[in-house]
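Trainee: Okay, handing you the structure first.
The values are calculated or read from the model by the stated rules, or taken from the named source; none is laboratory data. The structure presented is a predicted model; accordingly, all values stated were derived computationally and were not measured. Here Cβ is always computed from backbone atoms with ideal geometry, including for glycine, and neighbour counts include all displayed protein chains. Just so you know, the surface numbers come from the protein's heavy atoms only, side chains and all, with ligands and any DNA or RNA stripped out. Shrake-Rupley method; radii C 1.70, N 1.55, O 1.52, S 1.80 Å.
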Amino acid sequence: MKQIAPAKWRFNHRELDLSIFYPNDQFTIISLDTNKCTTCKACQILCKKNCLLITETAFTISAQRCSGCMLCQDICPEKAITVEEKIQPAVRISHSLYTKKCTACKSKYKTLSINNDKCVMCKKRESFGTFLK
């Protein structure tokens, strides 16, 4: 039922704020696949608990405040985020953002994967090109 419930029903941050009572623990693990993530910021915008922060230099995950609504996982167009319910000591994870130059269009772009050689737009164009053939 949690999967099909409207977003406004799933997200009730006032009643699900365990972080106030357990400041040193977290109840979820938020994982990020850095090879899939395009840093579109949809997850950051949707998360009212501010668990996800994308800056010029890093993608930081602070799951201590996470209520487990899984909206970040659901909204991710690349399916790069997974949320798992698990109790553990609170940790902050920071993934470095790299500024690279696209080999196709020569524009600068930000990426989480050092192995990426093309920007998101050029990758999308390539995938649409193979789809249309």
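Trainee: Can you tell me the dipole magnitude for the range 23-133 around its Cα centre, using point charges on the Cβ only (Lys, Arg +1; Asp, Glu -1), in Debye to the nearest 20?
Mentor: 600 debye
Trainee: Turning to a different aspect of this structure: Sequence-distant or interchain residues sharing an amide H contact under 5 Å with T28, placed H: which?
Mentor: K86
Trainee: So what is log10(I(q)/I(0)) for the range 41-133 at q = 0.16, 0.24 1/Å, when the Debye sum runs over its Cα atoms only?
Mentor: Values, matching the q order: -0.78, -1.25.
Trainee: Could you give the size of the charge dipole of the range 77-133 about its Cα centre, using +1 on the Cβ of each K and R and -1 on the Cβ of each D and E, expressed in debye and rounded to the nearest 20?
Mentor: It comes to approximately 420 debye.
Trainee: May I ask you to give the solvent-accessible area per residue for the range 24-133, in square angstrom, as obtained with a 1.4 angstrom probe?
Mentor: Accessible area per residue: 60 Å².
Trainee: Using θ = phi - 60° and the Karplus relation 6.51 cos²θ - 1.76 cosθ + 1.60, list the HN-Hα couplings for the range 105-122 in order, rounded to whole Hz, with x at every Gly or Pro.
Mentor: Per-residue couplings from phi come out as 9, 6, 8, 7, 8, 9, 8, 8, 10, 5, 7, 5, 10, 10, 6, 4, 4, 5 Hz.
Trainee: If you don't mind, another one. Where does each of 82-91, 105-114, 27-36 land if you order them by average Cβ count within 10 Å, highest first?
Mentor: Peptide ranking by packing, descending: 27-36, 105-114, 82-91.
Trainee: Oh, and also: Tell me which of S96, C122, C76 sits at the most positive position along the dipole axis of the range 53-133, charges placed on C-beta atoms (Lys, Arg +1; Asp, Glu -1).
Mentor: C122
Trainee: Once neighbouring chains are kept in place and the probe is 1.4 Å, which whole percent of the accessible area of the range 65-133 is contributed by carbon and sulfur?
Mentor: Summing carbon and sulfur atoms, their accessible area is 58 percent of the total for the range 65-133.
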